[in-house]
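Peer 1: Please read through the structure below; I'll follow up with questions.
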Amino acid sequence: MKNTEFVKVIEQQSSRLREHALKFTGDIDDANDLVQETMIKAVRFRDSFEEGTNLKGWLYVILRNTFLNNYYKSRQRQQIIKPEEEVCNAELVPSASYNTAISSFMIADIGKALGKLPEIYRIPFVKYFEGYKYGEIAKEMGIPLGTVKTYIHQARLILKKQLKNFKYDRDRNIN
């Protein structure tokens, strides 16, 4: 099936997907966004669909997984900043200049540490840090999924060793 034919076939499922998305989101605009994101992912990962299998089911799985991923990301953001932890500007002023100076040094050191990483580890690590999923990185780089995971893990270990002083400084400043 050609790409244009595939797009036409999945577009025929959009109204059913929208009904299903509306059950998840409870809002028509959010449901439309979810369906659009599902369609984009379906086209992007078209190669993973096996012709002759249940296209409708495949699209529903993408829809559900997309909704769940967005939901979990949203919950994580909400847990990071809780209303009871909000602080007024007056309380932030004394630490703002200190934090800005420390942050600029940290960013420079992190950049240096990333530059020291072997390119084979740095590229997948940076892509993962930018939000790409393991499978997307593997496909783009033309390497197996397990290799991508290994490279990212190795990059983390190397960076952890190179940046261990920041953990010590952070722990010391917290206490």
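Peer 1: Taking only region 140-156 into account, find how many residues are hydrophobic (A, V, I, L, M, F, W, C) and in contact (Cβ under 8 Å) with a residue 24 or more places away in the chain.
Peer 2: 3
Peer 1: Can you tell me which residue among G115, G135, G146, G131 is under 20 Å from I40 (Cα atoms) and assigned to a helix (DSSP H, G or I)?
Peer 2: Selected residue: G135, the only one of G115, G135, G146, G131 that is under 20 Å from I40 (Cα atoms) and assigned to a helix (DSSP H, G or I).
Peer 1: V87 fails exactly one of the following numbered conditions: (1) modelled with pLDDT under 65; (2) assigned to a helix (DSSP H, G or I). What is the number of that condition?
Peer 2: (2)
The values are calculated or read from the model by the stated rules, or taken from the named source; none is laboratory data. All figures in this text were calculated on a predicted structure; none of them were measured in a lab. Please note: Cβ atoms are built from the backbone with ideal geometry, for glycine as well, and neighbour counts cover all protein chains shown.
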